[in-house]
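The values are calculated or read from the model by the stated rules, or taken from the named source; none is laboratory data. The model shown is predicted, which means the values in this text are computed figures rather than measured ones. FYI the Cβ positions are ideal-geometry reconstructions off the backbone, even for glycines, and counts take in every protein chain you see. Each accessible area value is taken on the protein alone, full model and side chains, heavy atoms only, with ligands, DNA and RNA left out. Shrake-Rupley method; radii C 1.70, N 1.55, O 1.52, S 1.80 Å.
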2 protein chains.
Amino acid sequence: MDTHTIDTADTPPSQSEEETPWLTAREQRMWRAHLEVAKLLEYQLSRELQPHNLAINDYEILVVLSEAPDRRMRMTDLATATLQSKSRLSHQITRMETAGLVLRQECPGDRRGLYAHLTEHGWETMQRVAPDHVRSVRAHFIDRFTPEQLDAMYEALAPIADHLRGLRGKP
Amino acid sequence: MDTHTIDTADTPPSQSEEETPWLTAREQRMWRAHLEVAKLLEYQLSRELQPHNLAINDYEILVVLSEAPDRRMRMTDLATATLQSKSRLSHQITRMETAGLVLRQECPGDRRGLYAHLTEHGWETMQRVAPDHVRSVRAHFIDRFTPEQLDAMYEALAPIADHLRGLRGKP
């Protein structure tokens, strides 16, 4: 996630009354905090996965496949689940295939094509890495909220996730 | 940001009492909501910048440079400010230079090297795009919080941003 923040320090462009108002200072500080946490957290979690020779996107694929029936998914569904373009996912799966973590296979009798399977090595890798990753997630994020904050954050974010999921794929 | 979620559906690896406990269901749902919002929001904001021929990282660079004294920054400082590696930033600045948005210049008498300058075209581009971007940020994020939620989110996130900023660059 990137810190695509909004400039308020300088003179904003003149706005008619029809236009969207600029962010207030309170909105702005929250927006910047969100962007910073999203970006820095991804950076830190990635760093802590490096000793396992896994990129954070690789770990995500391992988790999604491990939760799928028969530990496999159609490439198109996997792209949707991980919010990636098909071409980017394809490159990633090629790298992960080389590392022995997944296998790409055509499904006989299914014209809709290719599946990505989690290999036994991929499954074991996820089992081995998960405790370290949970430790990172707790240390840098989850354990830094009170139980009340945790629930309040969920209440606030869940409808936004729904909204954004609904927009995805629409023109 | 990626949905590197944690598997709890399947049997977790056995853990001694010394080890970090697995995420609870309440922690898990919040963690997933955060990841999803971070990722989907970046996707949606990027999509809405496309008509302006700007990637979200480009917009960020425009904002950061526009807020800098003389609208210029040392490349190394710009990399730090945007949390990018120097090599990735260098590629991005090359693309933005081609688009006439920034200029890379050596600073006479400063051995520490290259500066990125915002061009007049870059400045005008940011001014033109910013109202649309604010509209997107409001529609998909900021206006979806109550004022109380906005402040509560800031209170919760700001210390985490501080923590993560402090870790950055450390071995």
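Sparse packing (at most 10 other Cβ atoms within 10 Å of the Cβ) combined with a DSSP loop state is found for the following trypsin sites (Lys or Arg not before Pro) in segment B:67-165: B:R111, B:R112. Annotation for B:Q127 and A:Q127: the two label points, set 7 Å from Cα along the Cα-Cβ direction, are 6.2 nm apart.
Projecting 7 Å from Cα along the Cα-to-Cβ direction, the label point of A:A139 sits 4.1 nm from its equivalents in the other copies, listed shortest first. Per-residue ellipticity at 222 nm, computed for chain B from helices alone with -39500 (n - 2.57) per DSSP H run of at least four residues, works out to -19500 deg cm²/dmol. For peptide B:99-107, the mean count of partner chain Cβ atoms within 10 Å of a residue's Cβ comes to 0.
Within a Cβ distance under 10 Å of A:T80, other residues only, what is the Lys/Arg minus Asp/Glu net charge? Result for the neighbourhood of A:T80: +2.
B:F145: net charge of surrounding residues, Cβ under 12 Å, Lys/Arg +1, Asp/Glu -1, itself excluded? Summing Lys and Arg as +1 and Asp and Glu as -1 gives -2.
Only one residue of A:Q84, A:L114, A:A38 has its Cα farthest out toward the positive end of the dipole of chain A, where Lys and Arg carry +1 and Asp and Glu -1 on Cβ, and that residue is A:L114.
Comparing A:D143, A:D77, A:D110 in a Gaussian network model of chain A where C-alpha atoms under 10 Å apart are linked, the largest mean-square fluctuation is found at A:D110. With a cut-off of 13 Å between beta carbons, the residues surrounding B:R165 carry a summed charge of +2, where Lys and Arg count +1 and Asp and Glu -1.
Taking a ≥ b ≥ c as the square roots of the eigenvalues of the Cα gyration tensor of segment A:115-171, is the shape rounded (a/c under 1.5), prolate (a/b larger than b/c) or oblate? Since a/c reaches 1.5 but b/c is at least a/b, the shape of segment A:115-171 is classed as oblate. Taking the convex hull of the alpha carbon positions in chain B and averaging its projected area over all directions gives 13.9 nm². Across segment A:76-170 the C-alpha pair distances fall into 5 Å bins from zero in the proportions 2, 10, 12, 15, 16, 16, 15, 9, 3, 1, 0 percent. Checking the cross-link pairs A:K39/B:K39; A:K86/B:K39; A:K39/B:K170; A:K39/B:K86; A:K86/B:K86 against a 18 Å limit on the alpha carbon distance flags A:K86/B:K86 as lying beyond it.
On the principal axes of its alpha carbon atoms, the protein assembly as shown extends 56, 44, 43 Å, with the longest extent given first. Across the protein chains, with a 1.4 Å probe defining accessible surface, the residues A:H34, B:H91 rank B:H91, A:H34 from largest area downward. In the calculated pair-distance distribution of segment B:85-132, the portion above 16 angstrom amounts to 48 percent of the Cα-Cα pairs. Working value for segment A:21-102: equivalent-ellipsoid semi-axes of 32, 17, 11 Å, each the square root of 5 times a Cα gyration tensor eigenvalue, largest first.
Among B:A158, B:A33, B:A139, the largest mean-square fluctuation in a Gaussian network model of chain B (Cα springs under 10 Å) belongs to B:A158. Solvent-accessible surface (1.4 Å probe) assigned to A:L118 amounts to roughly 20 Å². Buried area at the A:B interface is about 8100 square angstrom, summed over both chains, from accessible surfaces computed with a 1.4 angstrom probe.
Computed from label points 7 Å out along Cα-Cβ, the spacing between B:T24 and B:T98 is 5.2 nm. Between B:W31, B:W123, B:W22, the GNM of chain B built on Cα springs shorter than 10 angstrom shows B:W22 fluctuating the most.
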